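Data block below; observations after.
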Amino acid sequence: MGSHPAEPSRTALSPFATLDPAALAALPASTPLTVRSAALSAPHLLYLGTGGGKLLLFSLQIPSSPEFLRLLPIGATRPVSAILPLPSVARVLLHAEGSLLLADPLLARPVRRLGSLRNVAAVAASSPSPSSCSLAVAVGKKLLVIDLTLLEADELEVQTREIAAGVEGISVLAWVGQDSIFAGAASGYSLFSLSTGQRVDIFALPESAGSPRIRPLSGGEEVMLLVDNVGVVTDRFGQPAGSSFVFNSRPDCIAEVSPYVVVAGESKLDVYRRRNGAHLQTVPIAKSGSGVLTVASDDDVVVIATAYKVFCYRKVSAVEQIKAPLRIKNYREAISLLEEFESDGEISNDMISFVHAQLGFLLFFDMRFEDAVNHFLLSESMQPAEIFPFIMRDPNRWSDLVPRKRYWGLHPPPKPLEEVIDDGLVTLQRALFLKKAGVDTVVDEDFLSNPPSRADLLELAIRNIIRYLCVSREKNLSPAEMEGVDTLLMYLYRALDLVDDMEKLASSQNSCVVEELESLLENSGHQRTLAFLYGSKGMCSQAVAIWRILARNYSTGLWKDHSNLPETDSHEALSDKRSGEEIAAIEASKILQATSDQDLVLEHLGWVADIDQDLATAILTSEMRENQLSAEKVIAALDSEKVGIHQRYLQWLIEDQGCDDPHYHTSYALLLAKSAMQAFHVESNSGEKDDKEIESDIQFIFSLREKLQLFLQASDLYDPEEVLDVIEDSELWLEKAILYRKMGQENIVLQILALKLEDSEAAEQYCAEIGRDDAYIQLLDLYLDPKNGRDPMFTAAVRLLHNHGKSLDPIQVLERLSPDMPLQLASDTILRMLRARVHHHRQGQIVHNLSRATNLDARLTRLEERSRHVQLTDESICDSCRARLGTKLFVMYPDDSVVCYRCYRNQGDSVSGRGRNFRKDAIFKQSWLVSR
């Protein structure tokens, strides 16, 4: 609600002391002082040089009370034109009447002349190390460098060297970096290299430009060259760097207090921003006497000296500069300053966060809620708990979490939103009254021209606090803070009736405190949100109970109580109610699928099943719970009329859980059988259905029977007699065949396959599985004598003989052939059977004779092997014990190893003397092959 007045002059420098050097030094009025030069040095020392050859020292340690320390006379005819503190060598350099003088920092000793230099026109200093410094000196047509080194006993070593010769008119010098010396003369500016001695002319000066002035900037890495009223900034190589400065008039003196450039001239002091040359402040100076203004500066202090007065200014801190526009609610100026100091690196990240938080609170109390929250979000140090008092009145559960920060004391303590808005509206009304009376106020013109309503302001405030709390949820907060953020976020959602957001928060992972929200949500009718909240907190019983109520009493639309609505039987109303029930059942099923509380699941399974049996099945078969439900209790609790749930649960129990209880296998088979019979019966009575519906029913029956058949074939644990009792009178012949097969009733199975189903291929396959030839003979009997008045199935019989007749006994086949069977059907088949039989007999004789020949040949080979001669000498030894054989009895193995009889008795005939085990590693010789 703050206004944006015209930007005032910014206060970058503020005065803290005014000195009368003569009065402080207690000099008589007969000897007035005229200040010609000034310099600042740490710690808090101010040097003043006078036209009468005096050097004065003051202390600025107590800003409000400068203290005179000492006066050092130099010479009545030696006006001090420049003072250069040299802290690295503990000296102060004075330029007086063309000579260079050295004094100690506290002026305790008389000055000493530096060398024999005369007619010194300009001097500049550089400190390359902590105990030495270098001076650039312009003397006549020469440019010299004097190196000073501090020795023990406070002695100085002085070395002088010449850098350049033939240079004229140098009136000002500046040392930039370690190697560059800038020189200014009436003709222009030049750059000398210390290492090479080379000179580079930067640019010339017109005759009207006035005397040159050079000021090192940015810690000695850049330099400002003055051309009339323009300050050109270059780097140490003489190349332009950064923005140039355009001054209102030609300045007398230039200084730098980072990040500002200070220029003095025409009885005023102007302050410019170093980065872009923007003018920030003008300080008028009460100039007394003649002469130019003299400026000296260090990191924080600027001293402006006139002939008889010295004015001391201190750099205003970034914090104080930002605080000033905030006091008058000039937020735009404060934000601009904050951005400027942030880009200049003049303010720490912690302070940036602090200022954003302060701005946020001020804007919040001015009812500019969106801007306030934007600044809250930019503050990294602000804690979400600082917002809590705006939402919930103290004391509350989170009162102790609220930090007691007062910031800069520019805003009142946080209080509930309603009070903030009420106070703001009162201020707005007062401002409107004052405006009518012609009195200016700080209230924003937008508020005055279009005053907002209380309701709009309250909604705007709540929405923006919601935005802040939503972002805060992503931060790393303590558990207590997270509870406060989520709970109060739910409060605000409810205040604006943001049902979707409430349910999204309640159903997701959250830190809401149920005790704080329970009665609030219940009384406001947000039962769904409360159910979601119970579910997310693991309070399954309460959550499912609410979903049960909602499923019974509410719709999916507005979730109003149906008892309060006018009664209607429209299809649309029934559709909405059914949809509402389904939503409630779905949400309840999500909870029941995850819980291992068996009593809770069985308590609510019924009403969920009434709405959607698929959901009920999903609850029972869920793999999400840690401990599965007791199958016995589940089956006992299931409604016998809900066959689908019972059936799918048993299927899951058997197929997925690997249950091997015969009772459950039998129950599952019975349920499948009953369902198949019922579907078969319904389909057989579908006379009024069209072709599409009939086709759909047929597909359903096929799928159901296929499931039954697969289970009957796969499981061996059910009782086939019980299942057979159920389908005995039905037309489920294939299922009966499977059951009779399980019971070992081969004849009945063949009758069903061959006669009822007329599936010759299946019947023959079953005979092959039996694996006996008499099964095929039995099947042939069924084909030739089907009984019950049926004609013989000659085609099937011929097919059977064609496929398997070769393996059958021809006599048995001929005995069973019917006299009525046409000869042309069986003649070819019988002929093939007989030929195959003869061929088989003769093939057997061939194999028998070949086997006898092979056996005889093998016996002959074995006899030859056993009767072969072996020659031993006196040197022959046993391959096992290594003893000489001599005349001992020996044994020879098939691998040609020879052992004595004793070793043979010990190791047997399966292991040779060379360790070869003939049982595991058989030996084979080429001569053993049967060659005859």
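Structure data summary
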quantity: The chain - convex hull of alpha carbons, volume per residue in Å³; calculated: 499
quantity: Within the chain, helix-based [θ] at 222 nm, where runs of 4 or more DSSP H residues each add -39,500 (n - 2.57), nearest 500; calculated: -13500 deg cm²/dmol
quantity: Spacing of the two label points (7 Å from each Cα toward its C-beta) at S453 and R552, in nm; calculated: 4.1
quantity: Heavy-atom accessible area order for T861, T196, largest first, 1.4 Å probe; calculated: T196, T861
quantity: Potential lengthening between E758 and V292 on full extension [0.36 nm per residue; Cα-Cα distance subtracted]; calculated: 154.8 nm
quantity: Efficiency of FRET from Cβ geometry, S317 and V439, R₀ 41 Å, rounded to 0.05; calculated: 0.75
quantity: Pairs of alpha carbons in segment 406-517 whose separation is greater than 22 Å (percent); calculated: 49
quantity: Probe 1.4 Å - accessible area at F247, Å² to nearest ten; calculated: 10
quantity: Stretchable slack from K920 to K504, in nm (0.36 nm times residue separation minus alpha-carbon distance); calculated: 142.3 nm
quantity: R463 versus L872: modelled label distance in nm, points set 7 Å from Cα along the beta carbon direction; calculated: 11.7
quantity: Label-point gap, in nm, between N119 and R473 - each point 7 angstrom along Cα→Cβ; calculated: 8.5
quantity: FRET efficiency estimate (nearest 0.05) - Cβ-Cβ, I698 to D660, R0 22 angstrom; calculated: 0.05
quantity: The chain - percent relative contact order, Cα under 8 Å, separation 6 or more; calculated: 5
quantity: Per-selection Rg to Rh, segment 153-263 - Cα, Kirkwood hydrodynamic radius; calculated: 1.00
quantity: Area accessible to solvent at S353, 1.4 Å probe radius, in Å²; calculated: 10
quantity: Solvent exposure of the chain as accessible area per residue, Å², 1.4 Å probe; calculated: 52
quantity: Theoretical FRET efficiency, 1/(1+(r/R0)^6), r = Cβ-Cβ of V514 and F68, R0 60 Å, to 0.05; calculated: 0.20
quantity: Most to least accessible of K315, K756 (protein chains only, probe 1.4 Å); calculated: K756, K315
quantity: Orientation-averaged projected area, Cα convex hull of segment 198-242 (nm²); calculated: 3.5
quantity: Potential lengthening between L710 and E97 on full extension [0.36 nm per residue; Cα-Cα distance subtracted]; calculated: 208.6 nm
quantity: Violating pairs (Cα-Cα greater than 30 angstrom) within the set K415/K590; K323/K504; K707/K756; K633/K736; calculated: K415/K590; K323/K504; K633/K736
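The values are calculated or read from the model by the stated rules, or taken from the named source; none is laboratory data. This is a predicted model, so every value here is computed, not measured. Neighbour counts are summed over all protein chains in view; Cβ atoms, including those assigned to glycine, are modelled from backbone coordinates with ideal geometry. The area values use the complete protein model at the heavy-atom level, side chains included, leaving out ligands, DNA and RNA. Shrake-Rupley method; radii C 1.70, N 1.55, O 1.52, S 1.80 Å.
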